[in-house]
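Worksheet: one structure, shown below.
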Amino acid sequence: MQFLNPDSLIVGAGGFFAGDMLYQLLAFIVLLFLLRKYAWGPLMGIMKKREEHITNEINEAETSRKEAQAYLDEQTEALKEARKEAQALIESAKKQGEQQGEGILQAAREEAVRMKEAALSEIEREKEQAVQTLRNEVATLSVQIASKVIVKELDEKSQEKLVDDYLKEVGESR
Amino acid sequence: MKELNHEAPTFHLFGLTFNTSNVMMITIASIIVFIIAVLGSRSLQMRPTGMQNFMEWLIDFVKGIINSTMDWKTGERFLTLGLTIIMYIFVSNMLGLPFAIAIDHELWWKSPTADPTITLTLAVMVVVLTHFYAIKVKGAKSYGSDFFKPMKFMFPLKIIEEFANTLTLGLRLYGNIYAGEVLLALLAGAGAAGIFSGILTFVPMLVWQGFSVFVGTIQAFIFTMLTMVYMAHKVSDEH
């Protein structure tokens, strides 16, 4: 076990020295102040700055979110209003249309009635006229028939005369 | 344990003795921490990338540690302390892992935290800071009366507690890192003995180094966590 010979080991230290203590203390304090000045200070500064930045960003986001929500509410309200208005417009237009249709229908109905009546009265008039004409014709005819019948019953002489008259008449009319 | 130790290189200044290797490793660890931190916060952006992400993650991590022990209003001032402690101790723990350098039986390159002097200094500093902040935050009267709560006879125990805290905080870190380096040195020594043992120790070496990375990370976390726990114990009002 020669390699375990304590003399070959590289460890340990020799005794307490006041100088070491003093030096360690001094070194640590110097290190502490140097690090505070050159490392921890700036690092914590930037960490704080980032923290503030993030806080600001979050606050800003919160604010803009609220604003957006307000806008959205406003828009929804406006949309609802517009929809209501449109509904009312459509309603009124429908009513107006119905009314107009009703009016047109009424007018057409009246017109039809009027036309029918006019046609009826025309027909009546025509009929009367026809009847009148017929009556006249009948009267004329009956007179002619009657006269012919009368003529037939005439005597020879008067018959002759009558024929002559006719002939004459005919001749004249030619 | 003396036979496990190499000699420590020393020098004297202002009537004080310094362990040269400790001084060097403390400086190196501090410089590495400083470089990492400055690289991580060199070009800061609102949308972080690369190193900045890592540094911000570290800040959030330490913030989490503080938040789990006290409320953020009192804990905020300890953030830089916690960050510096966790980074310094982590880097220190890692320094001794890849290799150790000894010149003429004098150990030069090692983890500074593998020395109880260093870890106890850090622990004492932390405990003194807890007392300092306790007075600063709560006032001297409230701080003093805390030693007699919940009952008067607890006073000696409270005093012992302070020393116990300091010792356990420092020695826990030292013990873990030192043990890790001892075993690494053992394995390295064994591996260097021959080709066969070199092959044989390669896998355990790999495993132990991985485990030491884990332990070093955990210890850095624990040291920071306990710092904040002691701090909260002193500073917050419930106790």
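Cα-Cα over 27 Å: which of A:Lys49/B:Lys234; A:Lys37/B:Lys136; A:Lys37/B:Lys73; A:Lys95/A:Lys116? In this structure, A:Lys49/B:Lys234; A:Lys95/A:Lys116 exceed 27 Å between Cα atoms. Using the Cβ-Cβ distance between B:Thr49 and B:Phe147 with R0 = 45 Å, the FRET efficiency computed as 1/(1 + (r/R0)^6) comes to roughly 0.35.
Candidates B:Val126, B:Asn67, B:Val203 compared by Cα position along the dipole of chain B: farthest toward the positive end lies B:Asn67, with charges placed on Cβ.
For segment A:19-129, what is the Kirkwood estimate of the hydrodynamic radius, computed as the reciprocal of the mean inverse distance between distinct Cα atoms, to one decimal in Å?
Hydrodynamic radius (Kirkwood, Cα pairs) of segment A:19-129 is 24.0 Å.
Taking the fewest neighbouring Cβ atoms within 10 Å as the starting point, the ordered list for B:Ser41, B:Ser145 is B:Ser145, B:Ser41.
The mean sequence separation of alpha-carbon pairs under 8 Å and at least six residues apart, normalised by the residue count of segment B:2-235, gives a relative contact order of 24 percent.
Rg/Rh for the protein assembly as shown stands at 1.98; both radii use Cα atoms, and Rh follows the Kirkwood definition. Per-residue shielding of B:16-23, expressed as the average number of other chain Cβ atoms within 10 Å of the residue Cβ, stands at 6.
Please compute the contact order of segment B:180-239 in relative form: average sequence separation of alpha-carbon pairs under 8 Å and at least six residues apart, divided by the residue count, as a percent. Contact order relative to length: 24 percent.
Comparing mean-square fluctuations of B:Leu184, B:Leu129, B:Leu157 from a GNM of chain B with C-alpha springs under 10 Å, the top value falls on B:Leu157.
Axis of helix A:156-173 versus longest Cα principal axis of chain A: the two differ by about 40°, to the nearest ten degrees. Packing order of peptides B:77-89, B:26-38, highest average first: B:77-89, B:26-38 (average count of other Cβ atoms within 10 Å over each peptide's residues). Shape annotation for segment A:79-149: C-alpha extents along the principal axes are 102, 8, 6 Å, from largest to smallest. Since only A:Asn56, A:Ile150, B:Met46 are under comparison, the one whose Cα sits farthest along the positive direction of the charge dipole of the protein assembly as shown, derived from C-beta charges on Lys, Arg, Asp and Glu, is B:Met46.
Within straight-line reach of A:Lys157, meaning a Cα separation under 22 Å, sit the following lysines at least 8 residues removed in sequence or on another chain: A:Lys148, A:Lys168. Neighbour counting of Cβ atoms within 10 Å sorts the residues B:Tyr143, A:Tyr23, fewest neighbours leading, into B:Tyr143, A:Tyr23. Only helices enter the 222 nm calculation for chain A: every DSSP H run of n ≥ 4 contributes -39,500 (n - 2.57), and dividing by all residues gives -32000 deg cm²/dmol, rounded to 500. Each principal axis of the Cα atoms in segment B:10-146 has its own extent, and those three values, largest first, are 53, 47, 25 angstrom. Within segment B:206-239, what residues put their amide N at less than 19 Å from the label point 7 Å along the Cα-to-Cβ vector of B:Ala140? Only B:235 fall inside the zone, counting backbone N under 19 Å. Calculated from the alpha-carbon coordinates, chain B shows an Rg and a Dmax of 20.6, 68 Å respectively.
Read-outs: derived from the displayed coordinates by stated rules, not from any lab. Remember, predicted model here, so these are calculated numbers, not experimental data. Neighbour counts are summed over all protein chains in view; Cβ atoms, including those assigned to glycine, are modelled from backbone coordinates with ideal geometry.
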